[in-house]
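Please read the structure below before turning to the comments.
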Amino acid sequence: MKKTNGHEVIQLFEQFSPKRYAMEGDKIGLQVGRLNKPVERVLIALDVLEEVVDEAIDKDVQLIIAHHPLIFRPLKSVVTSDPAGRLLEKLIKHDIAVYAAHTNLDVAKGGVNDLLAEALELTETEVLVPTLQEDLKKLAVFVPSDHAGSVREALGRAGAGFIGEYSHCSFSVEGTGRFLPGAQTSPYIGEAGRLETVEEVKIETIYPRSLEKKVLSAMLKAHPYEEVAYDIYPLDNEGETLGLGRIGQLEKSMTLHEFAEFVKEKLDVKGVRVVGHLTEEVKKVAVLGGDGNKYFQSAKFKGADVYVTGDFYYHTAHDALAAGLKVVDPGHNVEKVMKAGTANKMAALAAEKGLDVQFIPSSIHTDPFTFI
């Protein structure tokens, strides 16, 4: 296993939750400390409270990846006798960096909203509030016939060739390649100064623009040629839609009261607030982590029977009720699903890259509210 540093860890994280996914003006990225240092342990946290920092110190952590930004508003001062200043002092003294991934982690595949939908056992899920669409490109590469299979496999593993629920999609056609190696070359086939003719396969596949570096790197690594011939085309095809929230189906319908109890169990909360008649049936569910007040109309428009979100306002609840939309509010803290989910995702990515780094879900309960 390879030792790693903070920059490599964040590059790995941004493979699935890049900054460009974030809503405009969101406070994301490195907020405290530095990344140009060895990193062996990373704490995955929902909030960066002093108790969480103490946990990071106890566990000898070098980096915290948090969902909620530590610094959301500009700081006017850092007074170390105050709670905020004391927290920052501890981080700096112990050389612990803090990186925030907020709405980009909400939007990302496998991020907060996918984890909530998975916890609620929703099927046939789709994005609730679209915020961006992936641009697609096509790659055409020319490969000697005996390496076509390994190059196709490398492209598929790198994320190329996804069309809907199908992966490793590609098209191949056989042909004849010709090239004349120069005097300073070391060709895989043929010899310098002699025109060579080779039976080759042209492989075509598509990939999202965000994966271009990874796809090209995988293709070049698997390709035997010293100089690889390939073409890249921009496409007008619509790529994958990304955004906030998810909407999907329960396996079977249940009453709103039964569903509220189900939410409590699956999202591990003591209580929920409910809007709607408890005896009415629900089947189609919209879920959006955090404060989802301004998106309740999207849930209604997409045909949701019930909307699961946090921090629901009194007057917005009246509006939802008037619109015929039921609501279950389990609180903002249910986003804690991101701790284990993100740690597992990062551990898998690190193992794939052979990086020697441990990802630890924070065990600190950070919900400021207590249900009585």
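Overview of values
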{"quantity": "Residue tally, condition exposed (fewer than 15 other Cβ atoms within 10 Å of the Cβ), closer than 12 Å to Leu244 by Cα and either hydroxyl-bearing (Ser, Thr, Tyr) or in contact (Cβ under 8 Å) with a residue 24 or more places away in the chain (or both), over the range 268-299", "calculated": "1"}
{"quantity": "Selection within the range 67-87 - in a loop (DSSP other than H, G, I, E, B) and among the aliphatic types (A, V, I, L, M)", "calculated": "Leu70, Ile71, Leu75, Val78, Val79"}
{"quantity": "Residue, nearest to Lys300 (Cα to Cα), within the range 151-169, restricted to residues that are part of a helix (DSSP H, G or I) and hydrophobic (A, V, I, L, M, F, W, C)", "calculated": "Leu155"}
{"quantity": "Of all residues in the range 29-66 being assigned to a helix (DSSP H, G or I) and of a type outside the set (A, V, I, L, M, F, W, C), the one that is most open to solvent (accessible area, probe 1.4 Å)", "calculated": "Asp58"}
{"quantity": "Candidate set from the range 179-197 (those that are among the hydroxyl-bearing types (Ser, Thr, Tyr) and part of a loop (DSSP other than H, G, I, E, B)); member that is nearest to Cys169 (Cα to Cα)", "calculated": "Tyr188"}
{"quantity": "Cβ-Cβ under 6 Å pairs, at least 6 apart or on other chains, the range 188-211 side within 22 Å of Ser150 (Cβ to Cβ), far side aromatic (Phe, Trp, Tyr) and buried (at least 16 other Cβ atoms within 10 Å of the Cβ)", "calculated": "Tyr188/Tyr225; Glu196/Phe179; Glu200/Phe142; Lys202/Phe142"}
{"quantity": "Matching residues in the range 300-322 - criterion: being surrounded by fewer than 23 Cβ atoms within 10 Å (Cβ to Cβ) and either within 23 Å of the chain's Cα centre (by Cα) or closer than 21 Å to Thr123 by Cβ (or both)", "calculated": "Lys300, Phe301, Lys302, Gly303, Asp305, Gly310"}
{"quantity": "Of residues in the range 242-266 being farther than 13 Å from Leu122 by Cα and touching a residue at least 40 places away in the same chain (Cβ under 8 Å), the one surrounded by the fewest Cβ atoms within 10 Å (Cβ to Cβ)", "calculated": "Lys264"}
{"quantity": "Residue check for Gly331: touching a Phe, Trp or Tyr at 6+ places or on another chain (Cβ under 7 Å), at positive phi and surrounded by 14 or more Cβ atoms within 10 Å (Cβ to Cβ)", "calculated": "yes"}
{"quantity": "Residue count for the range 283-299, restricted to those that are within 22 Å of the chain's Cα centre (by Cα) and closer than 19 Å to Pro368 by Cβ", "calculated": "4"}
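Results for (1) out of contact with any helix residue (DSSP H, G or I) (no Cβ under 9 Å at 6 or more places or on another chain); (2) crowded, with 17+ Cβ neighbours inside 10 Å; (3) not hydrophobic (A, V, I, L, M, F, W, C), shown as yes or no for each residue.
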position: Pro181; (1), (2), (3): yes, yes, yes
position: Gln184; (1), (2), (3): yes, no, yes
position: Arg194; (1), (2), (3): yes, no, yes
position: Thr205; (1), (2), (3): no, yes, yes
position: Val215; (1), (2), (3): no, yes, no
position: Leu235; (1), (2), (3): yes, no, no
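The values are calculated or read from the model by the stated rules, or taken from the named source; none is laboratory data. Keep in mind that what you see is a predicted model, and the values were worked out from it rather than measured. So basically every Cβ, Gly included, is an ideal-geometry build from the backbone, and we count neighbours across all protein chains shown. Just the protein is used for accessible areas: all its heavy atoms, side chains included, with ligands, DNA and RNA removed. Shrake-Rupley method; radii C 1.70, N 1.55, O 1.52, S 1.80 Å.
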